[in-house]
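**Student:** Could you have a look at this structure, given as structure tokens, before my questions?
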Ligand SMILES: Nc1ncnc2c1ncn2[C@@H]1O[C@H](COP(=O)(O)OP(=O)(O)OP(=O)(O)O)[C@@H](O)[C@H]1O
Ligand SMILES: [Mg+2]
């Protein structure tokens, strides 16, 4: 029997729960062509949410097309242009021969090299000469607007893993170029999201950056217990198994409402029971998850400096005023400067999160492992 939970892939249909408010918000932004930036830590459900909102928006409005551009694995500006053009051409054509035709039609200075897979359903791939792109980047950056005009539609371009642009050779110059082009568009809007919270904040919330005030920034939250409990119950029931209310709440509490971990822990608990899942099963499943991840966590700790480790120790111990001299002495933190440097690096590494001055862990299982296995508090 196939397990009724998924993690690490986009949650759709019966695997997707809640987010009613966020979907409404996003669909409304899409339909009104309002640029949107979604920020949240890793694996809280950005891609799943955008996927869901896109299909609803397109069903509601046939003149609206949502195109997805995934920058996963895109490390250079050159790759960006290729992936961007390909996604736009492919995403706005209903058939592959139309895509081929559009690939020729929408470029005048650039000459795309088009290759097509052997079967008719396969995707086309488009490539350009990098030297030519450097001379005519607008031809690619303005594609959404030009396609929208030509087809009499409106286009929302959703760009996933947007933080990758910070790895390009001259990210600031590139961002200026994007913003200059995109802000002129009347028939196209942009939804930008990515997992590196601190980087997304730098790009979109810093007044000195080109993308400052580019659009509506919304912070995605975790999913409430009240939504997760009936969801877990329903998924168990769909396979003929049951789960107690307490066991459901335990899953959500141990996973700290983190959507990915709630699904993973639900899955592990489901696998461990034959008919009814009780709290004891969840506790065992959680221990096995911690164990399964402990090697990864040990490796992660080895990449940290002594000062960063000390800082984590203080956070785990629940210290609020870490730069207080007594606290620094207790946890071997060498100075207030060292503490603030450690915090900055731990945030950059996506280990800690700081929201309104409150420091928290991004990964609830890592936090548990540190507390019970590493620092043994
Ligand atoms: N609305 C939801 N309902 C139920 N589970 C969800 C939901 N959204 C996300 N999840 C769970 O979280 C996992 C991660 O979701 P998703 O890939 O959408 O997050 P993300 O924020 O895009 O992640 P990443 O930071 O890795 O890009 C999913 O595989 C699923 O297990
Ligand atoms: Mg994602």
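The values are calculated or read from the model by the stated rules, or taken from the named source; none is laboratory data. Quick caveat, the model's predicted, so the values are computed rather than measured. As a convention, Cβ positions derive from the backbone with ideal geometry for all residues, glycine included, and neighbour counts pool all protein chains shown.
**Student:** Which members of segment 182-193 meet the condition of being within 16 Å of ligand 1 (Cβ to nearest atom) and surrounded by 24 or more Cβ atoms within 10 Å (Cβ to Cβ)?
**Tutor:** Selection gives 191, 192.
**Student:** I'd like to check something: does segment 34-47 contain any residue that is under 14 Å from residue 191 (Cβ atoms), within 7 Å of ligand 1 (Cβ to nearest atom), in a helix (DSSP H, G or I) and in contact (Cβ under 8 Å) with a residue 40 or more places away in the chain? Talk me through it step by step, then tell me what you get.
**Tutor:** Kept after step one, since they are under 14 Å from residue 191 (Cβ atoms), are these residues of segment 34-47: 34-40, 46-47.
From what is left, the residues that are within 7 Å of ligand 1 (Cβ to nearest atom) are 40, 46-47.
Those still in the list that are in a helix (DSSP H, G or I) too: 46-47.
Now restrict to residues that are in contact (Cβ under 8 Å) with a residue 40 or more places away in the chain: 46-47.
Within segment 34-47, one or more residues are under 14 Å from residue 191 (Cβ atoms), within 7 Å of ligand 1 (Cβ to nearest atom), in a helix (DSSP H, G or I) and in contact (Cβ under 8 Å) with a residue 40 or more places away in the chain.
**Student:** I've got another one for you. Please specify each residue of segment 209-236 satisfying the condition of being farther than 19 Å from residue 35 by Cβ and away from ligand 1 (no atom under 16 Å from the Cβ). Give the steps one after another, and end with the answer.
**Tutor:** Applying the first criterion (farther than 19 Å from residue 35 by Cβ) to segment 209-236 yields 221-236.
Within segment 209-236, none qualify.
**Student:** Within segment 3-51, how many residues are within 12 Å of ligand 2 (Cβ to nearest atom), in the same structural domain as residue 157 (by TED's automatic domain parsing) and either at pLDDT 95 or above or on the phi > 0 side of the Ramachandran plot (or both)?
**Tutor:** 10
**Student:** Can you name every one of the helices (runs of 4 or more DSSP H) wholly within segment 125-209 that holds 3 or more residues which are closer than 25 Å to residue 28 by Cβ?
**Tutor:** Once the helices (runs of 4 or more DSSP H) in segment 125-209 are filtered for at least 3 residues that are closer than 25 Å to residue 28 by Cβ, what remains is 143-151, 171-182, 197-205.
**Student:** A follow-up question, please. Out of (1) closer than 30 Å to residue 338 by Cα; (2) loosely packed, with under 12 Cβ neighbours inside 10 Å, what's the single condition that is false for residue 274?
**Tutor:** Status for residue 274: all satisfied but (1).
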